[in-house]
Structures are given as structure tokens and as C-alpha cells.
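Since the structure comes first, as C-alpha cells, the remarks are kept for the end.
Bear in mind that the values in this text are calculations on the coordinates, not laboratory data. Note that this is a predicted model, so its numbers are computed, not measured. All Cβ positions, even for glycine, are placed from backbone atoms using ideal geometry, and neighbour counts span all protein chains on display.
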């Protein structure tokens, strides 16, 4: 279940509004993923497809999940430097899908 949004753009998509900051081609897919989060009761519900990268941790990290490399790139670098994934891909002359 979704309790709150840290990202205003994600919240706009959830409310059925269009975000000017996010590429339009991903917004429909993002809404589908938000709906999947909303109806999930626990972490097990989100394990399909395996590409979701939602593995529960144990020990002193119990209750946390393993971050995906793309999440670290996005939140720690791209957002901090105000660089989009598309801009980074263009600069590296790389296909956009390979940087996510």
C-alpha cells in the first residue's frame, strides 16, 4: 500500500496528471507499477517479475531491501546533479535503455 510520496512527480502520475519533468513514454508504465505497489500486501507480492530487485535483507538490516544499482545512480548522482537519464545516455553515446 502506498502511504506517501517522496517524489512529487510520482505523486502527479498517481493522481492521473502528466508530469512535465518525466519522459512521457514512461509515465504509463510508472502508473502501472504504482498500482502494483498499491495493491501489494507484502514484499512477496512484488517479487514478480524478478527484475523488481526486491530482496529482503536479514540480520541488522532486517526490514530493509537490497537497492538496485540503477536506483543508486539515480538518487545519489543524477538527481543531485540535476541530470536526466536521457542526457547521461546521450553524453555517453549509449542506448537510453542501457542506463536504467
>> Taking the number of other C-beta atoms within 10 Å as the exposure measure, put 85, 39 in order starting with the fewest.
In response: 39, 85
> Gain in length, residue 18 to residue 87, computed as 0.36 nm per residue apart minus the alpha-carbon separation, to one decimal in nm?
Replying inline: 22.8 nm
> Assuming R0 = 22 Å, what is the FRET efficiency of residue 2 and residue 57, from their Cβ-Cβ distance, to the nearest 0.05?
Replying inline: 0.55
> Simple spin-label model, 7 Å along Cα-to-Cβ: residue 9 to residue 26 in nm?
Replying inline: 0.7 nm
